[in-house]
Ligand code: ATP
Ligand code: MG
């Protein structure tokens, strides 16, 4: 066992502290207290969180703020990542999850893969990702990943086969 899910999420999120300091963009975080059990592939979860967080910093400006709220319900892990950055126009929002799509003016900042991959990974868990944005004001991405039902059997069977490299039991604490 490699430690709890919340601990794992904290380590990903706090690894952005140096970027936060370097860019002078605040990092606000909140985490749940409750205990839960959940099964995810750490690699996939890490990519989901870090793609969204790196975008939040990359498309924000000096003096801005990135807020990350991790939550749990009976059945879901929820992530809400809000920035006070450039925002995304309605026309662009329709395409940001497309592979290689970049908003005009962002061409030097990335390759346009991050959100397409993030959505694919969320889909693997039968989760949902949504975005709410206002040009010039900022953006919020929300992710909902169901616990148990979909991946509990899968995770257990993999753990029983001792293939614990890709899947591991994680307990929210
Ligand atoms: P990569 O993630 O592959 O390095 P990227 O950041 O350009 O490159 P995506 O993460 O897929 O690609 O994002 C697609 C486009 O959506 C970006 O080019 C950017 O213009 C816009 N975008 C994504 N996140 C935000 C955000 N939080 N605020 C404003 N614009 C964003
Ligand atoms: Mg990106």
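For the reader, a short list of remarks on this structure follows.
- Only one entry of 62, 55 meets the criterion of being surrounded by fewer than 16 Cβ atoms within 10 Å (Cβ to Cβ) and within 18 Å of residue 18 (Cβ to Cβ), and that entry is 62.
- Residue within segment 49-59 that is part of a helix (DSSP H, G or I), more than 12 Å from the chain's Cα centre (by Cα), over 19 Å from residue 144 (Cα atoms) and more than 16 Å from ligand 2 (Cβ to nearest atom) present: no
- Each residue in segment 123-137 was checked for being within 15 Å of the chain's Cα centre (by Cα) and over 15 Å from residue 96 (Cβ atoms), and 6 of them qualify.
- Hey, residue 27 farther than 17 Å from residue 115 by Cβ, part of a strand (DSSP E or B), within 15 Å of ligand 1 (Cβ to nearest atom) and touching a strand residue (DSSP E or B) at 6+ places or on another chain (Cβ under 7 Å) or not: yes
- Flag for residue 103 being touching a helix residue (DSSP H, G or I) at 6+ places or on another chain (Cβ under 8 Å) and within 18 Å of residue 142 (Cβ to Cβ): no
- Selection within segment 94-138 - on the phi > 0 side of the Ramachandran plot and away from ligand 1 (no atom under 11 Å from the Cβ): 126
- Residue that is farthest from ligand 2 (Cβ to nearest atom), among those in segment 94-111 that are closer than 19 Å to residue 53 by Cβ and either modelled with pLDDT under 95 or part of a helix (DSSP H, G or I) (or both): 103
- Subset tally (residues that are under 29 Å from residue 39 (Cβ atoms) and under 19 Å from the mean Cα position of the chain (by Cα)) for segment 73-95: 9
- For segment 112-130, taking the residues that are away from ligand 2 (no atom under 13 Å from the Cβ) and not in a helix (DSSP H, G or I), the one that is surrounded by the fewest Cβ atoms within 10 Å (Cβ to Cβ) is identified as 130.
- Qualifying residues in segment 60-85 (those that are modelled with pLDDT of 95 or more and out of contact with any strand residue (DSSP E or B) (no Cβ under 7 Å at 6 or more places or on another chain)) - the one nearest to ligand 2 (Cβ to nearest atom): 61
- Applying a threshold of 9 Å to beta carbon distances and a minimum spacing of six or more residues, or different chains, the list of pairs starting in segment 101-116 at a residue that is touching a residue at least 60 places away in the same chain (Cβ under 8 Å) and under 15 Å from residue 88 (Cβ atoms) and ending at one that is within 8 Å of ligand 2 (Cβ to nearest atom) and in a loop (DSSP other than H, G, I, E, B) is empty.
- Selection within segment 32-44: residues that are touching a strand residue (DSSP E or B) at 6+ places or on another chain (Cβ under 9 Å) and under 21 Å from residue 118 (Cα atoms). The member of this set that is modelled with the lowest pLDDT is 38.
The values are calculated or read from the model by the stated rules, or taken from the named source; none is laboratory data. Note that this is a predicted model, so its numbers are computed, not measured. Note: ideal-geometry Cβ built from the backbone for every residue, glycine included; neighbour counts use all protein chains shown.
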